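Here's the structure, in structure tokens; my notes come after.
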Amino acid sequence: FIPHVRSGDALAAHTPVVLTDNDSDPQPHYAMLVNLTRAPPAQVARYAPVFEIISTDADDAAAGRKRYAAYKQQSYPLTHFVAGQ
């Protein structure tokens, strides 16, 4: 079990994992972001590190490549890991 709450919950400031589907919601902490959407986070500079989970689905992979290029253009340090390799 990983303790978690939704963004805006009264316990968010005291919980290690805060879930949201709206990156404009104020967050109690910015230690790390795991992005599970196809959109780049609006406040990506607040997080270090950012993890992008990209599936083998063609549309998801294409969206992931676009986010990677956008991060690279903004000079974020990038690494990638391919599961199973």
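The values are calculated or read from the model by the stated rules, or taken from the named source; none is laboratory data. Just so we're clear, the structure is a prediction, and the values are computed from it rather than from any experiment. Because the Cβ atoms are built from the backbone with ideal geometry, glycine has one as well, and the counts that use them run over all protein chains shown. Heads up: the accessible areas ignore ligands, DNA and RNA and are worked out on the full protein's heavy atoms, side chains in. Shrake-Rupley method; radii C 1.70, N 1.55, O 1.52, S 1.80 Å.
Across region 18-31, computed HN-Hα scalar couplings (Karplus, 6.51 cos²θ - 1.76 cosθ + 1.60, θ = phi - 60°) run 10, 9, 8, 10, 9, 6, 8, 5, x, 10, x, 7, 10, 5 Hz from first to last residue, x flagging Gly and Pro. One decimal place: the segment Ile2-Phe81 gains 26.1 nm when fully extended, by the rule 0.36 nm per residue minus the C-alpha distance. Of the residues Leu11, Ser24, Ala83, the one whose Cα sits farthest towards the positive end of the charge dipole of the chain is Ala83 (charges of +1 on Lys and Arg Cβ, -1 on Asp and Glu Cβ, taken about the Cα centre). Highest mobility in the GNM of the chain, judged by mean-square fluctuation with C-alpha springs under 10 Å and restricted to Leu11, Leu33, Leu19, is found for Leu11. The computed P(r) over Cα pairs in 10 Å bins from 0, in percent for the structure shown corresponds, within (i) 18, 58, 24, 1; (ii) 20, 61, 19, 0; (iii) 16, 45, 30, 9, 0, to (iii).
Backbone geometry of region 75-84 corresponds, through the Karplus equation with coefficients 6.51, -1.76 and 1.60 at θ = phi - 60°, to 3J(HN,Hα) couplings of 6, 6, x, 10, 9, 9, 9, 9, 4, x Hz, x marking Gly and Pro. In the complete set of protein chains, residue-level accessible area for His80 is approximately 150 Å², probe 1.4 angstrom.
Nearest 10 degrees is fine. How inclined is helix 58-73 to the longest principal axis of the chain, computing both from alpha carbons? Approximately 80 degrees, to the nearest ten. Across Thr56, Thr20, the residue with the most accessible area heads the list, and the full order at a 1.4 Å probe is Thr56, Thr20. For the chain, the mean residue ellipticity at 222 nm estimated from helices alone is -6000 deg cm²/dmol, where every DSSP H run of n ≥ 4 contributes -39500 (n - 2.57) and the total is divided by all residues, rounded to the nearest 500.
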